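Engineer: Once you've had a glance at the structure underneath, I'll fire off some questions.
The numbers here are math on the coordinates, done by the rules we state, and not lab data. Fair warning: this is a prediction, and the values are worked out from it, not measured in the lab. Using ideal geometry, Cβ is built from the backbone for each residue, glycine included, and neighbour counts are taken over all protein chains shown.
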Amino acid sequence: MDLDSGTSSTVGARVQAIPGRPAQHGALYQFKQQNLPACKPVLTPATVIATFLLMGFIFIPLGLITLRASNSVVEIVDRYDIECIPEELRSNKLLYITDDSISKNCSRFLKVPKSMRAPIYIYYQLDNYYQNHRRYVKSRNDKQLLHGLGDNSTSSCKPLESSGDLPIVPCGLIAWSVFNDTFKFSSGSSELKVNRKNIAWKSDRNHKFGKDVYPFNFQNGPLIGGGKLDPNTPLSDQEDLIVWMRTAALPSFRKLYGRIEEDLDADDVIVVQLMNNYNAYSFGGKKKLVLSTSSWLGGKNDFFGVASLFIGTFCMMISIVFLLLHVKNPRPYGDAMYTSWNKKSSSS
Amino acid sequence: MVSSSSSFASAPEFIISNNEVDNEIDILSKIQSNNSKLPNWGRRVRLALQTAKEIDTLHSSTPPVIHRDIKSANVLIDRNFNARLAEVQCEQPNNSLYTFTGNLILQNQTLPVSPNQLLLRGCSLRNTEYIVGVVIFTGHETKVMMNAMNVPSKRSTLERKLDKLILTLFATLFVMCFIGAVGSAVFVNKKYFYLHLESSEEGGAQFDPRNRFLVFLLTMFTLITLYSTIIPISLYVSIEMIKFIQSTQFINKDLHMYHLETNTPALARTSNLNEELGQVEYIFSDKTGTLTRNLMEFFKCSIGGEVYGTGVTEIERGIAERSGKKIEENISSNAVREKGFNFDDPRLMRGAWRNEPNPDNCKEFFRCLAICHTVLPEGDESPEKIKYQAASPDEAALVIAAKNFGFFFYRFKQLHCFLLRTPTMIYVRESHVEKMGKIQDVPYEILNVLEFNSTRKRQSVVCRYPDGRLVLYCKGADTVIYERLADGNNDIKKVTREHLEQFGSSGLRTLCLAYKELHPDVYESWNEKFIQAKSSLRDRERKLDEVAELIEHDLILIGSTAIEDKLQEGVPACIETLKRAGIKIWVLTGDKIETAINIGYACNLINNEMKQFIISSETDAIREVEERGDQIEIARFMKEEVKKELKSCLEEAQSYFSSLSGPKLALVIDGKCLMYALDPSLRVMLLNLSLNCHAVVCCRVSPLQKAQVNLFLKAIKDWWCLDFNYGALQVTSLVKKGAQKITLSIGDGANDVSMIQAAHVGVGISGLEGMQAVMASDFAIAQFRYLADLLLVHGRWSYLRICKVVTYFFYKNLTFTLTQFWFTFQAGFSGQRFYDDWFQSLYNVIFTALPVIIVGLFDKDVSASLSKKYPELYMEGIRNVFFKWRVVAIWAFFSLYQSLIFYYFVSSSSLSGKNSAGKTFGLWDVSTMAFTCVVVTVNLRLLMICNSITRWHYISVGGSILAWFIFIFLYSGISTPYDRQENMYFVIYVLMSTLYFYLTLLLVPVAALFCDFIYQGVQRWFFPYDYQIIQEMHRHDDTDTSRAHLLEIGNNLTPAEARSHAISQLPREISKHTGFAFDSPGYESFFAAQLGVFAPTKAWDVARRASMKSRPKIGHK
């Protein structure tokens, strides 16, 4: 407690900070007097009803449009991981997939339900595959992918860091486990050409994977997780790898394999010759092949359309309910009798 | 104890010399500065020798005293230029500010040192150029520091509740982490070959399925860091910032709380308690200086049985109005009107008193006013320019009155004299004494001052007229003066007694004046005793009182004065407003019960519609017991009586508040009864009764009891602590009601300090009583009426704003963290971040920080004028409507809902191709999209809680969203040369190249806010808050109408009208009692200190330093 403010007369001197009345409309004055111009939105029944109505009017058409886009997409999904195992080996899937001597060749016949317009996108889908696991996500080295060996530390690639003295290029779990099933398509007698270029995002190709980085010592270790890479192709051209390395968000994901650039007619039967190399059996994963056309919104996605349709309809309904309530049993708007103190006194 | 030479702290405490201490001593440095008196070289050598000799004496004493600071300023010399060694004996350091006992021993003479010679730490030098003194206490041993030990630090109730919320969040955090960690321990399995879980490399233990417990532990820690965003760390910083601006910019700068006359704005001394102001339920108010102006004005007087003064007090006017009489007020045009003097009577003014029937009485009356006081004149010695420094405004008013009657006290002088019986001179310019128009300066020699204290209730002065006559003048409370009057003259006594009662019932403060001629022999013998008492080391105060008792008898009554203490402007209206706001008001006053009731009526605290419970000790039964004089018996009887009264009142009160329409209740209790009612066995009953009363008036409260009320305050703070001695049933009902009540104390004087510190919120009136209350307070305002602004406007807004800020913070962090939590389930419980590190860190700091602060500063539900027009709105704060667990639960529900929407709506996009080229999104694309949705939604949600949206809201909300986009454009646009993952590279551009992103950005926020909107609509429609109805009622009001303008709408009545309205409701019974004692807080604090109650000093306590004005000298060697 310091009593240095002397006498009562200094109380006045202390507060010279307050000047006379400042300009009444200065922003600072308004701020200090808490008088800033403001709009005061009041949620009246009319606003509530109108807002819901408006939302209904926006989202019902939006839902319809997107649903239509989604419906225009033709999608063929074929799960092949079980079917491709020979009957006798189905009880021991692991043996099948780990034994190199067993042929992994497999044929699938897909019937086209509706005519499909080119381009038809080929995806492989993996379920129960945790590409988003923490250990997995961080097991890569972006510097190495772009610049090659150099003197980069590859410690982030653990546990697949190096082979011998040299770091593996590309190192890390993600690259190591690259997907290596292959698909060949034919319709009738003619083979369907699969365009496997330009399946990765351009930014990945151009800026994340180096043009002169070659996977010279890839998959040389005792354990082989997935596919091998052509040591003579630079990483920027290994689009399979690039696609694979853009890790998926959820344990079920699709990755683009290629494009068929021919139209398919309804009821065509497509023969898929596939090499069932990739081990999804040990962890109970599923492998699916997806053929899909595309709309302006992308692939088949009913969820979005249904969701907007639902929200739109719900808004409409609520607005109608509110409207009915408002008409039948309106609350006197801004009636002082509804304040708690008036209620109390009137109820007694 | 030899005068210490220890180090000089920056603010030590001194004893200084005054007239009673040797005036021949001087110090060398002063003489040196005074060139004319420079000692010659011979003297200097002698001085040096003497100094050396005295130092030798010091050093050779046992134990040796080492003087560490020998310089000329520290050499004490007497008039003959001899260096001297002095010794100071004094008490040990203690915290009693108003006592000090010590002796200065010099040349074998013992001089008493009393509090009058003590200069407390922090005092500033006035009225004199320098002071010579001896340091007695330094640093933490100073009295002021020892008093300043326990300043309570206050935190607002809301903040304490916030702590609980944070604890709940911590619990939630641990639950979430536990779930995640268990999940992780179950998940890890070597079958996920692509994860290499069983590899034995460094750091691989985190997911090693061979040791699942370790996996559990490590994942637990990972998840704690991952989910730590659920704890709103930035909340405290933001709240501090908001509160700081609220207090420094809004409260301190509010022109509605700025008092132009004294140039005093409101002052928030702490920024901790802004929102506490919005929840106050009990106000404890001091009366003098708080409800009243403490601007004492000499209003009436009674001299020799004749009433003078034509003024009419407001209370009188009210009484007259009720009885239908009209009071003619004839204010003569030439009436003297100045501060402290509101008196006009042609019979007395301008010497006209000479023609009155008893001019001698008048003369003595005026002289008594001019002489018997401890006032100091300051400034020019002309009647217009002089200023009086007085310990209490009453005294100043009396001296000013004397001045206006022609007895102008213009100079006060203390002579240097070695002797103890130093005369102090008071110079009075007397007009019209000998004959009309003659002005003469008369010096009166003041021989003794018998000071005022609360036990004596009187003050006397022994003075010697120029012609040698010795007269004792005495003024004091009527009871003590009447006891000491000489026999005879019963007529005047009786008439004056009637006048006193009349004054008292008009709400005036009265004092009786008396005098006595002293025979020189009688005086001399008495004076010796007096000196003895004065220099005694032990029990000095008591001995002085006893000595004073010896001479203060056989007095002759001159008359009485009546001083008006006006109600402050706007007090009745303010109290009315506060009452409507559901605030219960306690007034603590030293007045008598009738006066207190009158004041209660005058300031609208009580009206005739209220049911009054009066618990008084002035009943016949009690008086009867009291007359028998057995203390134990009195105490027992009083306790019984109080118990009986309390019980009956309580029963009656309960019958009232069981019926809803019952009248409001008021309790009037006097100090004595309060003392007994505060007894632990009765306290619960008192509490129960008083908490249900809308107004409580405690009268006859001594400062000590004011301090006791603190206990009571604390009791209100913690209801349930009081359950002892009470029926179990009652206890549960008490506990049920147990929501903490928030109390506010308001006062202006030093005696209110403890009360101010004890309450949740302390408000000081920065008024005439000085700074003590302000120093102890949390908020200081210039006028009581600003309390309405402080509570109803600033407090309510702060409360609303802080509630919004807290709940919003809770919401936004919970929402954000929950999305992360849902992701954990789909990422194998691995603790993978859904969002990039930078997103997570900047979420609270940049993308959602500013808008909520803007809301904390600008949000207003209804304008300030409406807040005051509908004080009932304040009750929402008292009931803590906006920060209940229910409110938090609703927010939690919506954040749960929203986080599910964010996560599942956005992650559903990850499966199929998302552009016309069939390419799919990866983890970082999805998370960036989700984060964008979260930022947009959370910011939009903020706009939904705003009641008023200024341009700054738009700027900050828009700015925050924009900041996110700018950030992500830059962040994903560059790739750094550092060795890190470039996950985010180009992500936003990839997203923006798809239509899907834009549609999601439209759909997800709408879907997320959809439920909130329904909730708000339904709540407003069917369960509107009060403020919402007021908003609706005044929706079309001109928003630009300034508060000042609307203020009048607020109370339709002008303050004057409101007051007269209040006065017209005064009770019908007429008081039979005289009014006020000499009720000055300054004295009360003195009294309190004597009783060992903490009551800090006032640095400018003038009475204390009345004697300091001369050129005191003391030194130390």
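Engineer: Where does the charge balance sit around B:A1008 when Lys and Arg score +1, Asp and Glu -1, over other residues with C-beta under 14 Å from its C-beta? Walk me through the numbers before you get to the answer.
Structural biologist: Working: positive: B:K812, B:R941; negative: B:D1012.
Charge balance in the 14 Å sphere: +1.
Engineer: Could you work out how much longer the chain between B:M992 and B:I846 gets when fully extended? Use 0.36 nm per residue separation minus the Cα distance between them, nm to one decimal.
Structural biologist: On the way: separation 146, 0.36 × 146 = 52.56 nm, distance 2.22 nm.
Fully extending the segment from B:M992 to B:I846 adds 50.3 nm.
Engineer: Measuring from centroid to centroid over Cα atoms, what is the spacing of region B:605-626 and region B:195-247 in Å?
Structural biologist: So the separation of the two Cα centres works out to 66 Å.
Engineer: Taking amide H positions as placed in the peptide plane 1.01 Å from N, state which residues far from B:L111 in sequence (5 or more) or on other chains have amide H under 5 Å from it.
Structural biologist: B:L104, B:I105, B:L106
Engineer: Based on other C-beta atoms within 10 Å, arrange A:C106, B:C673 from fewest to most.
Structural biologist: Numbers: A:C106 17, B:C673 29.
Starting with the residue having the fewest Cβ neighbours, the order is A:C106, B:C673.
Engineer: Can you work out the PRE-style zone for A:T51? Point 7 Å along Cα to Cβ, and I want the residues of region A:320-344 with backbone N under 15 Å.
Structural biologist: A:320, A:322-323
Engineer: Let me ask something additional. Might you list the cysteines of chain A that have no disulfide-compatible partner by the rule of another cysteine's Cβ under 4.7 Å?
Structural biologist: Among the cysteines of chain A, those whose Cβ sits 4.7 Å or more from every other are A:C39, A:C315.
Engineer: Along the Cα-to-C-beta direction of A:N105, a point sits 7 Å from the Cα; which residues of region A:49-92 have their amide N less than 17 Å from that point?
Structural biologist: A:84-87
Engineer: Compute the distance from the alpha-carbon center of region B:888-924 to that of region B:272-298, in whole Å.
Structural biologist: Value for the Cα centre distance between the two parts: 55 Å.
Engineer: Would you give the gap between the C-alpha center of region B:816-844 and the C-alpha center of region B:500-521, rounded to a whole Å?
Structural biologist: Cα centroid to Cα centroid, the span is 82 Å.
Engineer: How would B:H432, B:H67 line up from fewest to most surrounding beta-carbon atoms within 10 angstrom? Mind dumping the intermediate values first?
Structural biologist: Details: B:H432 21, B:H67 17.
Placing the least packed residue first, the sequence is B:H67, B:H432.
Engineer: Still on this model: Once both labels are modelled 7 Å past Cα along the beta-carbon direction, what's the B:K53-A:I224 spacing in nm?
Structural biologist: Spacing of the two 7 Å Cα→Cβ label points: 11.6 nm.
Engineer: Same structure, new question: From the square roots a ≥ b ≥ c of the eigenvalues of the alpha-carbon gyration tensor of region B:169-213, which class results: rounded (a/c under 1.5), prolate (a/b over b/c), or oblate?
Structural biologist: On the way: a/c = 3.21, a/b = 2.32, b/c = 1.39.
Verdict is prolate for region B:169-213.
Engineer: Does region A:176-300 come out rounded, prolate or oblate, given a ≥ b ≥ c as the square roots of the eigenvalues of its C-alpha gyration tensor, rounded meaning a/c under 1.5 and, failing that, prolate meaning a/b above b/c?
Structural biologist: On the way: a/c = 1.62, a/b = 1.40, b/c = 1.16.
Cα axes put region A:176-300 in the prolate bin.
Engineer: Same structure, new question: Just add up the charged neighbours of A:R259: K/R +1, D/E -1, any other residue whose Cβ is under 13 Å from the Cβ of A:R259. It would help to have the intermediate numbers written out before the result.
Structural biologist: On the way: positive: A:R117, A:K193, A:R196, A:K197, B:K919; negative: A:E239, A:E261, A:E262, A:D263.
For residues surrounding A:R259, the net value is +1.
Engineer: Could I ask something else about it? Starting from the 7 Å offset along Cα-to-Cβ, what nm value, one decimal, do you get for the label separation of B:S60 and A:E83?
Structural biologist: Result for the modelled spin labels: 12.3 nm.
Engineer: Using a 7 Å offset from Cα along Cα-Cβ at B:N189, what residues in region B:828-849 end up with backbone N under 17 Å from the label point?
Structural biologist: The answer is B:828-830, whose backbone nitrogens lie closer than 17 Å to the label point.
Engineer: May I pose another question? Would you grab the residues whose amide H sits under 5 Å from the one on B:L667? Only those 5+ places off in sequence or on another chain, please, with H modelled 1.01 Å from N.
Structural biologist: It is B:F613, B:A695, B:V696, B:V697, by chain and number.
Engineer: Something else about it: Excluding B:A548 itself, what net charge comes from residues whose Cβ is under 15 Å from its Cβ, given Lys and Arg +1 and Asp and Glu -1?
Structural biologist: Result for the neighbourhood of B:A548: +1.
Engineer: Along region B:427-432, what does the Karplus equation 6.51 cos²θ - 1.76 cosθ + 1.60 (θ = phi - 60°) give for ³J(HN,Hα), rounded to whole Hz, x for Gly and Pro?
Structural biologist: Residue by residue, region B:427-432 yields 9, 10, 8, 9, 10, 6 Hz.
Engineer: Ordered by residue, what ³J(HN,Hα) values in Hz, to whole numbers, does region A:275-280 give under the Karplus form 6.51 cos²θ - 1.76 cosθ + 1.60, where θ = phi - 60° and Gly and Pro are x?
Structural biologist: Karplus values, whole Hz, x for Gly and Pro: 9, 8, 8, 7, 7, 9.
Engineer: Then there is this: Rounded, prolate or oblate: pick one for region B:867-923, where a ≥ b ≥ c are the square roots of the eigenvalues of its C-alpha gyration tensor, a/c under 1.5 means rounded, and failing that, prolate if a/b is larger than b/c, else oblate. Display every interim value, and only then the final one.
Structural biologist: Details: a/c = 8.50, a/b = 3.64, b/c = 2.33.
Prolate shape, in that a/c is at least 1.5 and a/b is the bigger ratio.
Engineer: What nm distance separates the two modelled labels at A:Q30 and A:S155, each placed 7 Å from Cα along Cα→Cβ?
Structural biologist: Calculated label separation equals 5.7 nm.
Engineer: Would you please give the FRET efficiency between B:I1014 and B:N489, computed as 1/(1 + (r/R0)^6) with r the Cβ-Cβ distance and R0 = 60 Å, to the nearest 0.05?
Structural biologist: Working: r = 87 Å, r/R0 = 1.45.
About 0.10, to the nearest 0.05.
Engineer: Also: Give me, ordered by chain and number, the residues 5 or more places off B:T920 or on other chains with an amide H under 5 Å from its own placed amide H.
Structural biologist: A:L256, B:K914
Engineer: Fully extended, how many nm does the chain gain between B:L943 and B:E517 (0.36 nm per residue separation, minus their Cα-Cα distance)? If you can, show how the numbers build up before the last one.
Structural biologist: Details: separation 426, 0.36 × 426 = 153.36 nm, distance 8.16 nm.
My answer for the length gained is 145.2 nm.
Engineer: Additional query: Provide the per-residue ³J(HN,Hα) series for region B:812-828, in order, calculated from phi with Karplus coefficients 6.51, -1.76, 1.60 and θ = phi - 60°, each as a whole number of Hz, with x at glycine and proline positions.
Structural biologist: Ordered by residue, 3J(HN,Hα) equals 5, 6, 5, 4, 4, 5, 5, 4, 4, 5, 4, 5, 3, 5, 9, 10, x Hz.
Engineer: For B:E618 and B:E240, FRET efficiency with R0 = 41 Å and r from the beta-carbon atoms, rounded to 0.05?
Structural biologist: Values: r = 52 Å, r/R0 = 1.26.
So the FRET efficiency works out to roughly 0.20.
Engineer: Find how much the distance from A:R331 to A:N92 grows on full extension, using 0.36 nm per residue of separation minus their present alpha carbon separation; answer in nm with one decimal. Walk me through the intermediate numbers first.
Structural biologist: Numbers: separation 239, 0.36 × 239 = 86.04 nm, distance 7.14 nm.
So the extension gain works out to 78.9 nm.
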